[in-house]
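Okay, structure first, notes after.
The values are calculated or read from the model by the stated rules, or taken from the named source; none is laboratory data. This one's a predicted model, so the numbers in the text were calculated from it and none came from an experiment. Note: ideal-geometry Cβ built from the backbone for every residue, glycine included; neighbour counts use all protein chains shown. All accessible areas refer to the heavy atoms of the entire protein, side chains included, with ligands and DNA or RNA removed. Shrake-Rupley method; radii C 1.70, N 1.55, O 1.52, S 1.80 Å.
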Amino acid sequence: QKKKLLEELGENRLPYVTPADADFHQLWKTKYSKLTFRKSDTVPEELHQMVQEGFLTLRKHDCFFQDLVRIKGKDFVTPVSRILIGNPGCTYKYLNTRLFTVPWPTEGYDIKYCSPQIHDACKALIRLNDYLHIEAVKALQGQNLFETKEIKDTTVIDREQNFATSLMEKGSVSKDQSSCCVPEDDYITLKNRTSYNLTLLNYMDPLQMLYLKQEPYFGMGNMAVSWHHDENLVERSTVAVYSYSCEGSAVEESNEQKLKGRDPAVWHVGLKVAWDIETPGLAIPLHQGDFYLMLDDLNMTHQHCVLAGFSPRFSSTHRVADCSRGTLEYIFGQCELALQNLQTDPDSMALSLKSLEPAVVKQVEEIHNEVEFEWLRQFWFQGKRYLKCTDWWLKPMAKLEEFWRKMEIMTSLVLSEVGKEEQIEEQRNETISCFLLVLTERQRLRKEWTAR
């Protein structure tokens, strides 16, 4: 699609607008209405201070890392350095690389941080997470009400405030309140689509980068992050991004001459309608402490990029990651399911399989692959770096390795069983053919991971 689009454009560039353009607000309202933007002065000063100190602490402790990601079978190192912070046991996968959360302080979990400062930084980010969750709920409510009534009077705003407060205090919503505003089902949906379970933190100093890609469609200049949709998210969930560019006096906007297009000294977020060359793009400046929300299906219908300024910048990107297959709880459940097919003789302590049914064998071997390639290898591939923050993942990983060793034994047991003469040939052939498929895949993936 990208190639086709660039061929169609040839030497031309698509138009885009910034807040300096007269038609900016009209375009935003009609084509980008699900983007909500808030200037830094709307955020409590105390929160700014905590979060910005947290960023600098993590940077000082070398907790930001470039990821090795895989695109179309090739490995690339990301220009941006990242760290994932969130619910204990959660992971987030992008571009074939699984990141493991540095857990933020959570009740009921014993999390040992490498220093009290790292603990404070993680605590600041959970505070920001709570704040952005409430802002997202208010923004979504505002949109729903706006769409149905085409008005936004003060009572509506009061209700939003009350709802936000009640969410903050109770973590849930009372029924009598829901009757004044939106049906209870909508509350549950709102809550599910805004309850961020992790944040992916980014850091980049553009002046340290030898090379940055140029934005290809609009001529917007240097890109820190190319055009993309965020992946691995709960459908129609909101993404919230808090931006902190370390602006010094040297990098203020150049007011003397009004530049056409965006000021290259200032970081911007770029937006465009996905694979469309009719609608102009947007480039919105990001200053210290600004944040924006991509509501509802904006992340699916539109693409965004990050345009680099001159100063170093941190961002905290809060997401509702789809963790259906990405939590420790899930993978431990899978392991227990697989090991149900392993039994120990009480007298000889010899291990054997309960069933050689092709479906059972296939399921166990697929789980074996999942543990090895989605978890163990993903973790140890770049997981040692998490030890700069906490050793929280070491115990669960040791437990997963134990499960994996037992599954290796189960693979050997299948091999020895199908080699026995007394097996019914038809059943044996069926078991071998499904077993061989998973084993071939395992061999291929082991080669690929060794190369990585």
**OP:** Return the whole-Å distance between the Cα centroid of region 1-47 and the Cα centroid of region 400-414.
**Re:** 52 Å
**OP:** For region 76-128, state which chymotrypsin sites (Phe, Trp or Tyr not before Pro) are in a DSSP loop and have at most 16 other beta carbons lying within 10 Å of their beta carbon.
**Re:** Y109
Original post:
Over 24 Å between Cα atoms, which of K191/K388; K112/K395; K191/K384; K34/K138; K31/K191; K354/K406 qualify?
Top reply: K191/K388; K191/K384; K31/K191
Original post:
Per-residue HN-Hα couplings for region 289-296, Karplus 6.51 cos²θ - 1.76 cosθ + 1.60 at θ = phi - 60°, whole Hz, x for Gly and Pro?
Top reply: x, 6, 9, 9, 10, 9, 8, 6
Original post:
Counting only protein heavy atoms and using a 1.4 Å probe, what share of the accessible area of the chain belongs to carbon plus sulfur, as a whole percent?
Top reply: 52 percent
Subject >> Coil-residue GluC sites (Glu not before Pro) of region 40-112, DSSP, other Cβ within 10 Å capped at 10 >> reply: E107
Subject >> DSSP-assigned coil residues among trypsin sites (Lys or Arg not before Pro) in region 43-115, each with at most 13 further Cβ atoms within 10 Å >> reply: K72, K112
Original post:
Averaged per residue, what accessible surface does the chain expose to a 1.4 Å probe, in Å²?
Top reply: 50 Å²
**OP:** Can you sort I409, I126 by 1.4 Å-probe accessible area, starting with the largest?
**Re:** I409, I126
Subject >> Kyte-Doolittle mean at least 0.0, axial Cα span of 20 Å or more - DSSP H helices of the chain >> reply: 394-418
**OP:** Using Kirkwood radius over Cα pairs in Å as the read-out, say which of (i) 28.2; (ii) 24.8; (iii) 23.3 was calculated from these coordinates.
**Re:** (ii)
